[in-house]
Amino acid sequence: MKFSGSLSEKDKEKASYDIIGVPFDGNAYKKGAREGPKAVRRASQRLETFLWHEKLELSDLRYYDHGDLKLDHKLEAGSIKELDVARKKVFIGGDHSISYPIVKYLFEHGGVAKVIAVDAHADFRDSYKGKKFSNASVMRRIAELIGFESVTEIGIRSSSADEYDLMKDKIRIYDAEMLPEKGVECILNEIEGEEEKTYLSIDIDVLDPSIAPGVENPEPCGMSLESLLALIRGIIGKANVVASDLVEVNPRLDSANGITSISAARIIFEILAGYWESDNRY
């Protein structure tokens, strides 16, 4: 099953945007995120591809779902190969650790210079339960790779004391309290005009667990879906976003109606619409 609105196999060369699944949860403590790509694709079929608020038919945007990367039980820095850096992409995870090998490949091939992460958790531990590439360490590894000054985290509401001491003066942080205090527009104005190629990583646990329960580490007092969608569209509109991921959907932990997967599918719809709007601004 492909993501709703995807071009067919015979028309894939017409695509402007790529969707790629990364079914991996080898660095997660509670397994199940490897089933995320399949669940999100299935959920996308339950949504209209016509975005009512935009009056935009998504299937007209020409995107192609390439299916899932073929992975063994390990996903390391060298596991991502032969990605076309010329086209904008959305990766569907998988636990958050998938972001590091993707960013590493893109960074080393001139495809990415900055990373913006929207997440409930800092993910800045040096290691977690003996794993240096844990989903709890992914942003630390990315910062070490591309430079701390090239990392922005938005929506954070949880970290260890050690994580906070390391990151507070090294990366740009807009935590969960700053979002309503400064306002999304003010934050976006500080991002505007940055021309470096940017990777946007969205951990769905930034949402409040009442509306996205299917995650490994639910964190109370999260964002609403409406606020997150506005933030995503704003980031894509202000920064030069060339690739994105949506991670940490765990269908095994979701509610019976699959609301987390449905929210994830809607987020991907908005990313695609944001890409198109950015490309057709002038």
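Every number in this text was worked out from the coordinates using simple rules, so none of it is lab data. Just so it is clear, the structure is predicted and the values come from calculations on it, not from any experiment. Glycine gets a Cβ as well: all are built from the backbone with ideal geometry, and neighbour counts include every protein chain shown.
Take peptides 91-103, 249-261, 166-178 and line them up by average Cβ neighbours within 10 Å, highest first, as a rough protection proxy.
On the way: 91-103: 28.2, 249-261: 19.5, 166-178: 16.2.
Put in order of decreasing packing, that is 91-103, 249-261, 166-178.
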**Message:** Which of the three applies to the stretch 110-179, rounded, prolate or oblate, going by the alpha-carbon gyration tensor with a ≥ b ≥ c and a/c under 1.5 meaning rounded?
**Reply:** oblate
**Item:** Other-chain or far-sequence residues with amide H under 5 Å of Lys89's (modelled H)
**Value:** Asp18, Ala243, Ser244
**Asked** Taking θ as phi - 60°, what are the ³J(HN,Hα) couplings along the stretch 86-102 by the Karplus curve (6.51, -1.76, 1.60), each to the nearest whole Hz, with x for Gly and Pro?
**Response** 7, 10, 5, 9, 10, 9, 10, x, x, 6, 5, 5, 5, 5, 5, x, 5
**Request:** Sort Ser210, Ser158 so that the residue with the fewest other Cβ atoms within 10 Å of its own Cβ comes first and the one with the most comes last.
**Result:** Ser210, Ser158
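For Cys186, what charge total do you get from the other residues with a beta carbon under 15 Å from its beta carbon, if Lys and Arg give +1 and Asp and Glu give -1? Intermediate values should be presented prior to the final figure.
Details: positive: Arg172, Lys182, Lys238; negative: Asp175, Glu177, Glu181, Glu185, Glu190, Glu192.
Surrounding charge for Cys186 is -3.
Within a Cβ distance under 13 Å of Ala161, other residues only, what is the Lys/Arg minus Asp/Glu net charge? Intermediate results must be reported in sequence, preceding the final value.
Details: positive: Arg125, Lys168; negative: Asp162, Glu163, Asp165.
Computed value for this residue: -1.
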**Complete:** Interchain or sequence-distant (5+) residues whose placed amide H lies within less than 5 Å of the amide H of Val215 are Asn250
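Let me make sure I get this right: for the chain, a, b and c are the square roots of the gyration tensor eigenvalues over alpha carbons, sorted descending. Under 1.5 in a/c it's rounded, otherwise prolate if a/b > b/c, else oblate. Which is it? Display every interim value, and only then the final one.
Details: a/c = 1.27, a/b = 1.19, b/c = 1.06.
Note, shape of the chain comes out rounded.
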**Prompt:** Suppose every K and R has +1 on its Cβ and every D and E has -1 on its Cβ; what is the size of the dipole of the stretch 139-205 about the Cα centre, in Debye to the nearest 20?
**Reply:** 160
**Prompt:** If you plug each phi of the stretch 227-236 into the Karplus form 6.51 cos²θ - 1.76 cosθ + 1.60 with θ = phi - 60°, what whole-Hz ³J(HN,Hα) values come out, in order, with x for Gly and Pro?
**Reply:** 5, 5, 4, 5, 5, 4, 4, x, 4, 5
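Pull out the extension gain between Glu57 and Glu185, defined as 0.36 nm times the separation in residues minus the alpha carbon to alpha carbon distance; nm, one decimal. List each step's numbers first, then the result.
Working: separation 128, 0.36 × 128 = 46.08 nm, distance 2.64 nm.
That works out to 43.4 nm of additional length.
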**Request:** Search the structure for amide H atoms under 5 Å from the amide H of Asp68, placed 1.01 Å from N in the peptide plane, and list their residues when 5 or more places away or on another chain.
**Result:** Gly21
**Request:** Return the single residue from Ala86, Ala243, Ala117 with maximal mean-square fluctuation; model: Gaussian network over the chain, springs between Cα atoms under 10 Å.
**Result:** Ala86
**Prompt:** In sequence order, what are the phi-derived ³J(HN,Hα) couplings for the stretch 158-171 according to the Karplus relation 6.51 cos²θ - 1.76 cosθ + 1.60 with θ = phi - 60°, rounded to whole Hz, with x for glycine and proline?
**Reply:** 7, 6, 7, 4, 5, 4, 4, 4, 6, 8, 4, 10, 10, 10
**Item:** Rounded if a/c under 1.5, otherwise prolate or oblate - the stretch 185-282, Cα gyration tensor axes
**Value:** prolate
**Message:** Distance cut-off 22 Å, Cα to Cα: go down the list Lys31/Lys129; Lys38/Lys104; Lys2/Lys30; Lys38/Lys89; Lys30/Lys129 and report the pairs above it.
**Reply:** Lys38/Lys104; Lys2/Lys30
